[in-house]
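The values are calculated or read from the model by the stated rules, or taken from the named source; none is laboratory data. Just so it is clear, the model here is predicted, and its values are computed rather than measured. Heads up, the Cβs are rebuilt from the backbone with ideal geometry, glycines too, and the neighbour counts pull from every protein chain shown.
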Amino acid sequence: MKSVLFPVVAGMLTILSGAAFADTAVSAVTDLNVRAGPGPQYPVIGVLAAGQSATLNGCIENSKWCTIAEAGGQGWVYSDYVTADFGGSRVVLTQRPHGSSIAVVSPPDDYSTDYTGAIIASDPLNDAFPPPPAEVRTYVDTHRLDPVYLDGEVVTGATLPDTVELREIPDYNYRYVYVNGQPALIDPQTRRVMYVVR
């Protein structure tokens, strides 16, 4: 998958976001999918790299999906994995202080919250997981599974619910599953996402 690094964002922020939101910068806490819409069923259109900034346009009321400005228009991110400055402190967007001035945006007509479970958000893994061997990537790619759609976003460190069936990879310690349309390598003991295959 080609990574979208938002190289032109700095010059486009004011144009795309409008003056009211020019100061609402957010940063990704881990490599985070940018989707075409507010939910795991929408295709991934890029990746906001860990530490990379973008401008927040707003969030859907009573939802963790928020839209950000980027060079090609707008994309959607899951707010458990972006931070913003609130009162001089960097805070995860979903844990922002009550009454924070974040714009409410309307979801698209096809917006759905019908999922089979939820990914349990957690802090990103501190130790970088080395990329899997080529034969593991090939196996996962050639043995595709129907994806399971869970509320949340698939990122390293997140935990999958017990209801998600994990599949074995021959001669490899981790299991795999296609979560929200993306293959991920999972530690079978902790059920944590160790690596997202992009």
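Laid out as a table, the results:
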| read-out | value |
| --- | --- |
| Selection from segment 68-115 of residues that are more than 17 Å from Tyr42 (Cβ to Cβ), in contact with a helix residue (DSSP H, G or I) (Cβ under 7 Å, 6 or more places away or on another chain) and hydroxyl-bearing (Ser, Thr, Tyr) | Thr83, Thr94 |
| Qualifying residue in segment 153-165 (condition: in the same structural domain as Arg35 (by TED's automatic domain parsing), modelled with pLDDT of 85 or more and among the hydroxyl-bearing types (Ser, Thr, Tyr)) | no |
| Residue within segment 131-144 that is at pLDDT below 90 and surrounded by fewer than 12 Cβ atoms within 10 Å (Cβ to Cβ) present | yes |
| In segment 30-74, the residues that are among the β-branched types (Val, Ile, Thr) and not in a loop (DSSP other than H, G, I, E, B) | Val34, Val44, Ile45, Val47, Thr55, Ile60, Thr67, Ile68 |
| Subset of segment 158-181 (residues that are surrounded by fewer than 19 Cβ atoms within 10 Å (Cβ to Cβ) and in contact (Cβ under 8 Å) with a residue 60 or more places away in the chain) | Gly181 |
| Count of residues meeting criterion [in contact with a strand residue (DSSP E or B) (Cβ under 8 Å, 6 or more places away or on another chain) and either of a type outside the set (Val, Ile, Thr) or without any contact (Cβ under 8 Å) to a residue 12 or more places away in the chain (or both)] in segment 37-69 | 23 |
| Test: residue in segment 113-130 that is outside the structural domain of Gln41 (by TED's automatic domain parsing), part of a loop (DSSP other than H, G, I, E, B), farther than 20 Å from Leu48 by Cα and touching a residue at least 60 places away in the same chain (Cβ under 8 Å) | yes |
| Hey, Gln41 surrounded by fewer than 19 Cβ atoms within 10 Å (Cβ to Cβ), over 23 Å from Tyr195 (Cβ atoms) and among the polar types (S, T, N, Q) or not | no |
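Quick grid of which residues meet (1) under 21 Å from the mean Cα position of the chain (by Cα); (2) assigned to a loop (DSSP other than H, G, I, E, B); (3) among the acidic types (Asp, Glu):
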site: Pro97; (1), (2), (3): no, yes, no
site: Ile102; (1), (2), (3): yes, yes, no
site: Pro108; (1), (2), (3): yes, yes, no
site: Thr138; (1), (2), (3): no, no, no
site: Leu145; (1), (2), (3): yes, yes, no
site: Asp171; (1), (2), (3): no, yes, yes
site: Pro183; (1), (2), (3): yes, no, no
